[in-house]
Amino acid sequence: MVVKEQTSVHYAILVNTHAGNGNAGKVWPALHNHLQASGVSFTVFESQYPGHTTIWARSLTRTEQHTDPQTVILVIGGDGTLHQAVNGVQSALQDNPKLNPLPIAYVPSGSGNDFARAVKLPQDPIVALKQILAVRHPGFLDIGHYFDHRHQRSEFFTNNVGVGFDGRVVTTTNYSRVKRALNVIHLGGLAYPVHFFGALFKQRTFSVRIHSAQGTQRFSQACLVTATNHPFFGGGVAVAPTASMVDGKLDLVILEQTNIFQFFYLFALMVLFHNHLDQKHAHHLVADELDVTFGDAEFGQEDGEIMGRHTYDFSFDVHQQLFWLPLTDHEPNA
């Protein structure tokens, strides 16, 4: 598909004022004022309940085809809100492959904001909005997709899907009062490391089977298994430092645990030096398709949202989504 420069744009703004435990609601008035002062065309659609952003994005993709001016979905919220918007657009395309994907813009105002970090979008919402309003054409980025055979569930993700330690930390964090308190003082990204130690003592090892074009591997002492679309999870931790959103592949990271101290050391290398993948008990695969089957019920997370504790059986592959972002550094061969 050829993406053309657009001189006239209408922004369909999907606002989740609850994102970041209310942080998005606090920054929205200033963003609204800036939009009005900029003189751009926009309509506001506010998320009223979980999943509402998906419904809005799906409906807009179905109705805003071949419009003049071009309709751009502008998401204001966290990684979870962006996750919903992407799934709304992609589900509409699955229902009707003849539809054109609406481009998605994004102003980060959640807790971790890992997608914004990956595309080098400013964490300051006003600065990010100014950059978005200066964009003149969309660009494609990879997004991950999985099908869970045991639960017959399909979903797209922009960041990552993690099972085990990562899923446990996210589950604990999202139910925590500490996260809400940190968001109040704009330190929501610290919520993940705060709950690290609690998960460290509770997480047990589990078995997992990985199948890809490179063959089949089995691990009996896995502690963390994360399929990721870009380097970051947990509010800026580089789980896969070389992961790219323009290579048509996903990175799979498996960390094994022989004892708590060994896993702590491995995780410390990941946080501080980004060289954990050089270690014996860390494993890294890059592939366009992956089958990942777990032998035990474990906590899971997708784009920082709770998936629950289940015995997962995933098939992963890669799709593309059109984004309305300053993507110079993420264009192929740039």
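The rows are residues; the columns are (1) under 20 Å from the mean Cα position of the chain (by Cα); (2) of a type in the set (S, T, N, Q).
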position	(1), (2)
75	yes, no
84	yes, yes
108	yes, no
129	yes, no
152	no, yes
155	yes, no
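In segment 205-256, which residues are part of a strand (DSSP E or B), surrounded by fewer than 23 Cβ atoms within 10 Å (Cβ to Cβ) and either without any contact (Cβ under 8 Å) to a residue 24 or more places away in the chain or touching a helix residue (DSSP H, G or I) at 6+ places or on another chain (Cβ under 9 Å) (or both)? Result: 215, 216, 218, 220, 237, 238, 256. Selection over segment 140-172 of residues that are among the small types (Gly, Ala, Ser) and surrounded by fewer than 19 Cβ atoms within 10 Å (Cβ to Cβ) gives a count of 1.
You will find that of 87, 21, 100, the residue that is on the phi > 0 side of the Ramachandran plot and either part of a helix (DSSP H, G or I) or touching a residue at least 24 places away in the same chain (Cβ under 8 Å) (or both) is 21 and no other. Taking each residue of segment 283-312 that is without any contact (Cβ under 8 Å) to a residue 12 or more places away in the chain and looking for partners that are assigned to a strand (DSSP E or B) and acidic (Asp, Glu) with beta-carbon atoms closer than 6 Å, six or more apart or interchain, yields nothing.
Looking at the structure I just gave you, is residue 30 touching a helix residue (DSSP H, G or I) at 6+ places or on another chain (Cβ under 7 Å), surrounded by fewer than 20 Cβ atoms within 10 Å (Cβ to Cβ) and assigned by TED's automatic domain parsing to the domain that holds residue 121? Taking the combined requirement at face value, the residue satisfies it. Scanning segment 41-83 for residues that are closer than 27 Å to residue 146 by Cα and part of a strand (DSSP E or B) returns 72, 73, 74, 75, 76, 77. Determine, yes or no, whether residue 111 is at pLDDT below 95, in contact with a helix residue (DSSP H, G or I) (Cβ under 7 Å, 6 or more places away or on another chain), outside the structural domain of residue 243 (by TED's automatic domain parsing) and not acidic (Asp, Glu). The answer is yes for residue 111.
Against the condition in contact with a Leu (Cβ under 8 Å, 6 or more places away or on another chain) and either free of Cβ contacts under 8 Å to residues at least 24 places away in the same chain or not in a strand (DSSP E or B) (or both), how does residue 93 come out, does it pass? The answer is yes for residue 93. Anything in segment 234-257 that is on the phi < 0 side of the Ramachandran plot and at pLDDT below 95? List them, or say none. Scanning segment 234-257 gives a single hit, 237. Residue under question is residue 292, and the condition is that it be under 18 Å from the mean Cα position of the chain (by Cα), assigned by TED's automatic domain parsing to the domain that holds residue 151 and within 21 Å of residue 316 (Cβ to Cβ); does it hold? In short, no.
Would you pick out the residues in segment 127-175 that are touching a helix residue (DSSP H, G or I) at 6+ places or on another chain (Cβ under 7 Å) and part of a loop (DSSP other than H, G, I, E, B)? Those that are touching a helix residue (DSSP H, G or I) at 6+ places or on another chain (Cβ under 7 Å) and part of a loop (DSSP other than H, G, I, E, B): 158, 159. Selection within segment 266-314: residues that are touching a Gly at 6+ places or on another chain (Cβ under 8 Å), assigned to a loop (DSSP other than H, G, I, E, B) and not charged (D, E, K, R). The member of this set that is surrounded by the fewest Cβ atoms within 10 Å (Cβ to Cβ) is 311. Looking only at segment 69-108, residues that are among the polar types (S, T, N, Q) and touching a helix residue (DSSP H, G or I) at 6+ places or on another chain (Cβ under 8 Å) come to 6 in all.
Only a single item in (1) touching a residue at least 40 places away in the same chain (Cβ under 8 Å); (2) under 19 Å from the mean Cα position of the chain (by Cα) is not met by residue 34, and it is number (2).
The values are calculated or read from the model by the stated rules, or taken from the named source; none is laboratory data. Since the structure is predicted, the reported quantities are computational estimates derived from the model, not experimental observations. Ideal geometry is used to build each Cβ from the backbone, glycine not excepted, and the neighbour counts take in all protein chains shown.
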